[in-house]
Amino acid sequence: MTTTKNIDTNWQFTQLGGGQGTEKDEWLRVASFPTTVHVELKRLGKIPDPFVGLNEWEVQWVGEAEWAFKTTFDVSKDELSGHKHFDLVFDGLDTFATVKLNDHEIVKSNNQFVAHRVSVRDLLKEGANDLFITFESAFINGRELQKRYPGTDHLWNGDSSRLHVRKAQYNYGWDWGPVLMTTGPWRPIRLESYDVRITDVDARVDVSEALDTDVTVAVRISDENSRSGNVTLYKSNGEVQATQKIQLDADNGKAIFSFKKGEVDLWYPVGYGKQPIYKLEVAIVEEDKSVASHTQSVGFRRARVVEDPLEDQEGRTFLFEINNVRVFCGGSNWIPADSFLTEVTDERYRQWLELLVRGNQNMIRVWGGGIYEPDVFYHICDELGILVWQDFMFACGQYPAHDEFPIQVEAEQTVQRLRQFCSVVIFTGNNEDYQLAESTPEVGIDYSDETSDFRKGTFPARHIYERLLPEIVNRLSNIHYHRASPYSGYGKDTRDPTLGDIHQWNVWHGSQEPWHNWDKLAGRFVSEFGMQGFPNARTVDYWLDGNTTERHPQSRITKNHNKADGYERRIETYLIENFQHTYDMDDYIFYTQAMQAETLAAAYRLWRRNWKGRGREYTAGALVWQLNDCWPVTSWAIADYFLRPKPAFFTIARELRPYTVGMARTEKKVYASEFTAADFKLDVILDIWGTNSTLTDKKITLSVMFFDLYSDWTASWAKEVTLAANSCTELSHDVLTGQPTRTKLSEVPKTIIVSARLLEKDRTVVARYSNWPEPFKFVNFPSKKDVGLKVVSKGDTVELSASKPVKGIILDVEGAEAEWSDQAIDLVPNDPQTIQARGLNGRQPTVRYVGDGWA
Ligand code: BMA
């Protein structure tokens, strides 16, 4: 059997030649392993916390210096004689690394994403063995490579030399991330000793349309002797599902299992069924004893990306179908959870992914400017039923594709590692590289050209995305491949809303549309869209570190903690178009959060409305940019670096419940004739719809209440409705009750607030949504006294009620934080709400709502 020795102790590091942070030849002990330089220097107090103030700029020298790491490990005589083979395995080196064992060079690496395995039998000695790794500056090497391979340097975000370096691209700075060029042994290193080793297990699951399951397990081993073994599938309770003997000749063998529908349990995304994970064990046996073994998880599901023509609209669907069920994907984009990746514990991954599920989301997209996440990330996605959209690590750039650009092994290792996770349902070639080509005349793209040697043109990486990667994905897995995110296909521009996926950035970037236009901005699958919002004040105060003079929205430190170009203009455009607000820090935090919450919920609401049943899945998914942050910052994230959800997290969660109710108002102006502009009738039309993501029709009561903000007038009605299974059902289309027809624009419309709820027979509220006249800036909010908001704290719950409709209640509490079950809450009279607040412990919350400072 393989014996594994982790090489994770006695490590020391130094800056080669000494310099700003360390003395020449001063070897410093590392406190953790694997690790990178900033993390260790910070622990030793040699650099300040780069996440505070302007410190990011104090530590730039680290990425331009050369570093070395060394350790010794002992190998005993018994160990040496115990096995035939000894391999040193490096799961990842960041980035330009040279490894020496006992003074012999064994690895030269230029790709952070690649693992190395080296046979070291002849170099190992009894007793102490020296392992020495030097890391050259990735930044300087990148600049040199850029000189050597000129011609590809167009990009968005970061330094253009990044395009030449196979290192997490966000390290170079992004529009939400600092410039922190990490360096060091960032993934585990171990010594493996064995006589025979299983080198590859390719377990292909094929679930047919009839839901019969075939599993083909191809096994390779490290020697060419004829050997026998067992392949066994275990259920999650440990019982054997099936087992087969295999014969390995000339290093490979195969087992094939076939199960009829129902004989194995299928894996479903969260909300659609269970997540049974089976265990696959392969053992090589000699005289009834296992001499090598391998275990991995396996889940059975049929996953398809369906691109079919649609009824009544142009283009084609772009939807995910799991076990023949078409799934509306409401989810998030994922960026690396830290600028310092070795700081992300398994527990933190779990917290992030559990948060996603708590937000009723079912998909996560691992974005191409980060990393291929470690196994634990995908294991948790398998377990929780989160569908994974996996980019290859190319983002927003014109990448080279010459022979020395080290992609092949990276892509093969990635596909071989990730194919075992049933949650992974799509690979995409890159993030926005086609979009960059379309927007950059010097690059350009001719979609009709499918045959030329792209490496000779202005967009060489088409060779990677259209030839190299699809060949690797198709050869090594059954996972769907899509050339990019976004990508339309069929010869169309990536902005085509009728095909493929789109990134809808015309809210915030682009033409800076009002968020109320999300319905017009829909696509078949919106894999990115977003709006910024400040994080919780505690996070702002972390980066201010007590600096009260900088605690305002226009300070230098505030700016350093928002990396998006022109964010001041963009945030303020959306605020000023919609909210009366002041420029004090706490007000700014509140209003940007309220705005983000409104914007993002509107997108999910309006796009889910487009999921109209089979053949009419006009929009099949929405993935917000972005779930998380890699440091404390103001960004598009819906939860900040410290895992504090922003209010938007909760408004999205409300839109992704199994049943939801939505409303939209439109104005209808009818002129008396074509010869008048003055004589017209203007009505407000209210549409109401309901969604149902379950697979059965749902009979339910739609209850609608109308309130006039400035009087005691109210109206209401209710009716029994049926929400069709797995789709959206239109429920009402009528003039807005309480709003008389207008004939002049000087007739100010009434401030009618509509509350719609879906009620079970026992009056349980399964969905609610309030619709206000917009923009909110025109609303003359009632005084606090008239609003009569009551916030009653009882242990870990809070009861909310009011005598007037209230928009966007955000609760917090001084001192220790509470974990809220809802935020950005809309309240109306006669419909009190109870919020859970773990850790509140009877304390009285602080309360903000839209217009609370108005009168
Ligand atoms: C998208 C992403 C990122 C970026 C975000 C916000 O295009 O792919 O590159 O951070 O926009 O600008």
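The values are calculated or read from the model by the stated rules, or taken from the named source; none is laboratory data. Owing to the predicted nature of the structure, the values given are computational and were not obtained by experimental measurement. With ideal geometry, Cβ positions are generated from the backbone for all residues, glycine too; neighbour counts draw on all protein chains shown. These area figures cover heavy atoms from the full protein model, side chains too; ligands, DNA and RNA do not enter into them. Shrake-Rupley method; radii C 1.70, N 1.55, O 1.52, S 1.80 Å.
Neighbours of Lys804 by Cβ distance under 11 Å: Lys/Arg scored +1, Asp/Glu scored -1, total 0.
Counting only C-alpha contacts under 8 Å and six or more residues apart, can you give the relative contact order of segment 23-174 as a whole percent?
Values: 225 pairs, mean separation 32.9, N = 152.
Dividing the mean separation by the residue count of segment 23-174 yields 22 percent.
Measuring max minus min along each principal axis, the C-alpha atoms of the chain give extents of 94, 66, 61 Å (largest first). Of all DSSP beta bridges in segment 350-448, what percent run antiparallel (nearest 5)? Rounded to the nearest five, the antiparallel share is 0 percent.
Estimated at 0.36 nm per residue, the fully extended path between Glu814 and Arg838 surpasses their Cα-Cα distance by 7.2 nm.
Once the chain from Ala210 to Arg148 is taken as fully extended at 0.36 nm per residue, the excess over their C-alpha distance is 16.9 nm.
Contact order, relative form, for segment 783-855: 39 percent (alpha carbon pairs under 8 Å, 6 or more residues apart, mean separation divided by residue count). Relative to a virtual label point 7 Å from the Cα of Thr694 in the Cα→beta-carbon direction, which members of segment 766-782 show backbone nitrogen distances below 19 Å? Only 766-769 pass the distance filter.
Ranked by solvent-accessible area (1.4 Å probe, protein heavy atoms only, all chains present), the residues His516, His561, His733 order from largest to smallest as His733, His516, His561.
When only DSSP loop residues count, what trypsin sites (Lys or Arg not before Pro) in segment 601-685 have their Cβ near at most 15 other Cβ atoms within 10 Å? All intermediate terms of the calculation are to be shown ahead of the outcome.
Numbers: sites: Arg605, Arg608, Arg609, Lys612, Arg614, Arg616, Arg654, Arg665, Lys668, Lys669, Lys681; in loops: Arg609, Lys612, Arg614, Arg616.
Hits after loop and neighbour filter: Arg614, Arg616.
As an exercise, use a Förster radius of 35 Å and the Cβ-Cβ distance of Gln351 and Val735 to find the FRET efficiency, rounded to the nearest 0.05.
Numbers: r = 48 Å, r/R0 = 1.36.
Calculated transfer efficiency: 0.15.
Need one value: the accessible area of Glu126 in square angstrom, 1.4 angstrom probe, rounded to the nearest 10. Looks like 110 Å² after rounding. Within the shell defined by Cβ-Cβ distances under 15 Å, the residues around Pro832 carry a net charge of +2, with Lys and Arg each +1 and Asp and Glu each -1.
When the Kirkwood hydrodynamic radius is evaluated over all pairs of different C-alpha atoms of segment 625-689, what value in angstrom, to one decimal, is obtained? Provide the component values of the computation, followed by the final result.
Working: mean 1/r = 0.0637 Å⁻¹.
Averaging 1/r across every pair of different Cα atoms and inverting gives 15.7 Å.
Could you tell me what percent of the DSSP beta bridges with both partners in the chain are antiparallel, to the nearest 5?
On the way: 161 of 187 bridges.
Of the beta bridges lying entirely in the chain, close to 85 percent run antiparallel.
Shown for segment 309-655: lysine pairs separated by 8 or more places, or found on different chains, whose C-alpha atoms are under 26 Å apart, numbering 6.
Heavy atoms only, 1.4 Å probe, whole protein assembly: order Trp267, Trp820 by accessible area, highest first. The partial results should precede the final answer.
Numbers: Trp267 0, Trp820 30 Å².
Solvent-accessible surface, decreasing: Trp820, Trp267.
DSSP beta bridges confined to segment 19-160 are antiparallel in about 100 percent of cases. Could you estimate the translational diffusion coefficient of segment 365-515 from the Stokes-Einstein equation, with Rh from the Kirkwood formula over C-alpha pairs, at 25 °C and 0.890 mPa s, in whole µm²/s? Using the Kirkwood radius from Cα pairs, D works out to 151 µm²/s.
Our estimate of slack between Gln554 and Glu720, defined as 0.36 nm per intervening residue step minus the Cα-Cα distance, is 54.6 nm. Given the convex hull of the Cα atoms of segment 658-780, what is a quarter of its surface area in nm²? That works out to 9.1 nm². Extents of segment 702-755, taken as max minus min of Cα coordinates on every principal axis and listed largest first, are 44, 24, 13 Å. For a modelled paramagnetic label at Ala677, 7 Å from Cα along Cα-to-Cβ, the residues of segment 740-763 in reach, with backbone nitrogen under 19 Å, are 743-747.
Under 13 Å of direct C-alpha separation, and excluding same-chain neighbours fewer than eight residues apart, Lys245 reaches these aspartates and glutamates: Glu281, Glu286, Asp288. For segment 783-855, the fraction of C-alpha pairs more than 20 angstrom apart is 24%.
Over all projection directions, the Cα-based convex hull of segment 309-655 averages an area of 17.9 nm².
Under Stokes-Einstein, with the Kirkwood radius over Cα pairs as Rh, the value for segment 539-652 at 25 °C and 0.890 mPa s is 158 µm²/s.
Can you work out D for segment 3-192 in µm² s⁻¹ from Stokes-Einstein, where Rh is the Kirkwood radius over C-alpha pairs, the temperature is 37 °C and the viscosity is 0.692 mPa s? If you can, show how the numbers build up before the last one.
On the way: Rh = 17.6 Å.
It diffuses with D of about 186 µm²/s by this estimate.
Would you work out the relative contact order for the chain, in percent, from Cα pairs under 8 angstrom that are 6 or more residues apart? Provide the component values of the computation, followed by the final result.
Details: 2062 pairs, mean separation 74.4, N = 855.
9 percent.
Secondary-structure-derived ellipticity at 222 nm for the chain, considering helices only, amounts to -4500 deg cm²/dmol, per-run term -39500 (n - 2.57) for DSSP H runs with n ≥ 4.
Summary of the geometry: segment 366-415 and segment 597-652, compared by the centres of their Cα atoms, lie 22 Å apart.
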